[in-house]
Amino acid sequence: MIVFVTLLLGLISGPLPIHVTVEGPVATVEYILDGTVVTRAEYPPWGVTVDFGPALQPRELVARALDKDGNEIARATRWVNLPRPPAEAEKRGSAVSTELTAVPVRIPEKAAQPTPESLQGRLSSSGRPLSVAAIDDGPAKVLIVRVPGTSEAYERLVPPRPKRVDRHFLTLRTDPNARRHEMCLDPEDTVRLLFPTASGPLDFGVSAELFDTSGELTHENGGLFWFLTRTAPGNDAQGDQRIADAVAVAGLQAATGDHRRAVVLVLGSDLRDTSRYDPATVRRYLESTRVPLFVWSLEEPKDNSGLAAWGEVEDISSVHKLYKAYNRLKSELEAQRIVWVEGRHLPQSITLAPGTMSVELLQPRAP
């Protein structure tokens, strides 16, 4: 038997000490990263250093216990930079449970609704065809990384001296509950706010526990306008601001389970960032886990050169512009489905056969 002692929690890159415990006549412990042998331990306590590389991406680490003749006695596998525990679901109503991988896809406009039968043989992992067990269109889960505090968001969206005053604007200035339930997602969808002020020191990984989060919010709590302008806390919290790291953690949480998903980063005037990872690295990580990222700014992008680090940024400097961004987010979620395939697979290893018209794998989509 072989068991990982190192937990491999959080988001990990670079060199990391790895420890295992083994039982039996073990002569060597071999470590395999994404299918390639990277190092071996020849004697107890079988500890090594594994270099996960500079990129932040899903990885598979396997430890194999070998006897003196090189025969495998036991193996253990750990998934790095992916949600866990592994998904388990019933296959087509059967009482037999199997390990499954959730593959988020998007239905192109005017395409027919896919079925498990129509996708058989269309998805593969590392060149091997995958068996499709089911297709879900259940609730969506949106993680919002909100950098500005509620006061900044409110004053930006509802300034005291707007260029144009209308009845709706006056209502916003006089009624604190106005528009609370506008820009809502569907009734079963959930929103969770994650605030980028770190509450603890940085260790070898980036842990979700570093950041404060809200509870799960639904349409009964309010809509996106309310979550940005009324739901505390915000950037008034004490501690280092680590925007990119918080987005990476949000991506990890959004990829959990059978949810349609998205991460929304809301930026304001304060772009200070002491993150371990840079925006480009985090964007690539979310792409590798197939989590769409929306970057919104309360300032017009042309007025803040610091926004360029995040690539495509959508202007939400008015209620009208926020509505446009909300509609784009809602359209993205409505087009998503979760395809369950048998087995456990790295998300970036899954490909779609050319010519498949009914679905597309989630990739960044231009506004």
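Taking a ≥ b ≥ c as the square roots of the eigenvalues of the Cα gyration tensor, segment 1-67 is classed as prolate, since a/c reaches at least 1.5 and a/b is larger than b/c. Look at the dipole of the chain built from charges on Cβ: of 101, 113, 286, the Cα furthest out on the positive end belongs to 113.
Peptide packing: for 138-144, 269-275, 8-14, the average count of neighbouring Cβ atoms within 10 Å per residue gives the ranking 138-144, 8-14, 269-275, highest mean first. Our coupling estimate for segment 257-269, obtained by passing each phi through the Karplus curve with A = 6.51, B = -1.76, C = 1.60 and θ = phi - 60°, is x, 9, 9, 4, 8, 6, 10, 10, 9, 10, 10, x, 7 Hz, Gly and Pro reported as x. The GluC sites (Glu not before Pro) of segment 1-79 meeting both criteria, a DSSP state outside H, G, I, E and B (loop) and at most 14 other C-beta atoms within 10 angstrom of the site's C-beta, are 23, 42. Put 296, 46 in order of accessible area, highest first, and with a 1.4 Å probe you get 46, 296. For the chain, with all protein chains in place and a probe radius of 1.4 Å, 51% of the accessible heavy-atom surface sits on carbon or sulfur.
For the chain, the number of Lys pairs with C-alpha atoms closer than 18 Å, counting only pairs eight or more positions apart or on separate chains, is 5.
What relative contact order, as a whole-number percentage, does segment 256-359 give when Cα pairs under 8 Å and 6 or more residues apart are counted? With pairs under 8 Å counted, the relative contact order is 28 percent. With every protein chain in place and a 1.4 angstrom probe, the accessible-area ranking of 181, 19, 320, 259, largest first, reads 320, 181, 19, 259. Screening the chain for whole DSSP H helices with an alpha carbon extent of at least 18 angstrom along the helix axis and a mean Kyte-Doolittle hydropathy of at least -1.0 yields 319-335.
Taking every alpha-carbon pair under 8 Å whose residues sit at least 6 apart, the chain reaches a relative contact order of 22 percent. Computed 3J(HN,Hα) for segment 178-193, one whole-Hz value per residue from the Karplus formula 6.51 cos²θ - 1.76 cosθ + 1.60 where θ = phi - 60°, is 4, 6, 4, 9, 8, 6, 7, 7, 5, x, 8, 6, 10, 10, 10, 8, glycine and proline marked x. Amide H contacts under 5 Å for residue 103: 339, 340, 341, restricted to partners 5 or more places along the chain or on a different chain, H placed in the peptide plane at 1.01 Å from N. Evaluating 6.51 cos²θ - 1.76 cosθ + 1.60 at θ = phi - 60° for every residue in segment 217-229, the Karplus couplings come out as 10, 10, 4, 5, 7, x, x, 5, 4, 5, 5, 7, 10 Hz, glycine and proline recorded as x.
The charge dipole of the chain, taken about its Cα centre with unit charges on the Cβ of Lys, Arg, Asp and Glu (plus for the first two, minus for the last two), comes to roughly 860 debye. Just check segment 296-352 against the gyration tensor rule for me: Cα atoms, a ≥ b ≥ c as the square roots of the eigenvalues, rounded for a/c under 1.5, and otherwise prolate or oblate depending on whether a/b exceeds b/c. Taking the square roots of the gyration eigenvalues as a ≥ b ≥ c, segment 296-352 is oblate.
Close amide H partners of residue 264, meaning residues 5 or more places away or on another chain with modelled amide H under 5 Å apart, are 143, 144, 145, 294.
The values are calculated or read from the model by the stated rules, or taken from the named source; none is laboratory data. Values in this document were obtained by computation on a predicted structure and should not be read as measured data. Quick reminder, even Gly has a Cβ in these numbers, built from the backbone with ideal geometry, and neighbours come from all protein chains shown. Quick note on the areas: whole protein, heavy atoms, side chains included, nothing else; ligands and nucleic acids left out. Shrake-Rupley method; radii C 1.70, N 1.55, O 1.52, S 1.80 Å.
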